[in-house]
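Enquirer: Quick one: this structure, given as structure tokens, is what I'll be asking you about.
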Amino acid sequence: MTTTVNPVLRVAPAAPAEAAAHFRAGLAFHTDVSDVAAALDAGADPGFVLVDSRSTEAWDQGHIPGALHLPTALVPEQAGQLLDRSVPVVTYCWGPGCNGAARAALALAELGYRVKEMLGGFEYWVREGLEFETWQGRERRAPDPLTAPVDAADCGC
């Protein structure tokens, strides 16, 4: 008798201890929009600096309030003047289709900074209905129900 294994289980899941180590390691490198927003909204020093690694044109279209603008290409020459190595850095770029935040995080790590990448980037910040700044002032768009539950009670959290 031939047993067909589905594509999900063709490669067996990792042992629980290995899976825990993997996911713990991933969280050491990544954070998400909701966690960054909660930390920034807490009212106290969040304990990190948020760095927008996009171009000036992108920054001008909109950025997260309180973020520091440091384009990836300028990290090597400007990071030492703008950032304190004792304070962790969280980088972001446009969104999931952009690796600018990862490249900025790599450049910062190579310079001795502790760094995480914010998954989702500016795109998901806006899609979750969070406030952003442009040269015209602060704005907010309606949350995308596919990324941010309209009613927190509906999220299943």
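The values are calculated or read from the model by the stated rules, or taken from the named source; none is laboratory data. Quick caveat, the model's predicted, so the values are computed rather than measured. Please note: Cβ atoms are built from the backbone with ideal geometry, for glycine as well, and neighbour counts cover all protein chains shown. For accessibility, only protein heavy atoms count, side chains too; no ligands or nucleic acids. Shrake-Rupley method; radii C 1.70, N 1.55, O 1.52, S 1.80 Å.
Enquirer: Under 7 Å between Cβ atoms, at least 6 apart or on separate chains: pull out the pairs that start in segment 66-89 with a residue that is at positive phi and end on any residue that is surrounded by 13 or more Cβ atoms within 10 Å (Cβ to Cβ).
Expert: These pairs meet every condition: 66/40; 66/50.
Enquirer: Next question, about the same structure. Can you tell me which of 33, 5, 11 is of a type in the set (A, V, I, L, M, F, W, C) and open to solvent by 90 Å² or more (accessible area, probe 1.4 Å)?
Expert: Answer to the selection: 11.
Enquirer: Within segment 8-21, can one find any residue that is modelled with pLDDT under 95 and charged (D, E, K, R)?
Expert: There is at least one residue in segment 8-21 that is modelled with pLDDT under 95 and charged (D, E, K, R).
Enquirer: Within segment 103-137, how many residues are touching a residue at least 12 places away in the same chain (Cβ under 8 Å), surrounded by fewer than 17 Cβ atoms within 10 Å (Cβ to Cβ) and not in a strand (DSSP E or B)?
Expert: 6
Enquirer: So if I check each of 145, 96, which one is touching a Gly at 6+ places or on another chain (Cβ under 8 Å) and open to solvent by 60 Å² or more (accessible area, probe 1.4 Å)?
Expert: 96
Enquirer: Sort out which residues of segment 21-52 are of a type in the set (Asp, Glu) and free of Cβ contacts under 8 Å to residues at least 24 places away in the same chain, and write them in order of number.
Expert: Selection gives 35, 41, 45.
Enquirer: Let me confirm something: among 66, 80, 47, 43, which residue is closer than 20 Å to residue 124 by Cβ, of a type outside the set (Phe, Trp, Tyr) and open to solvent by 30 Å² or more (accessible area, probe 1.4 Å)?
Expert: 66
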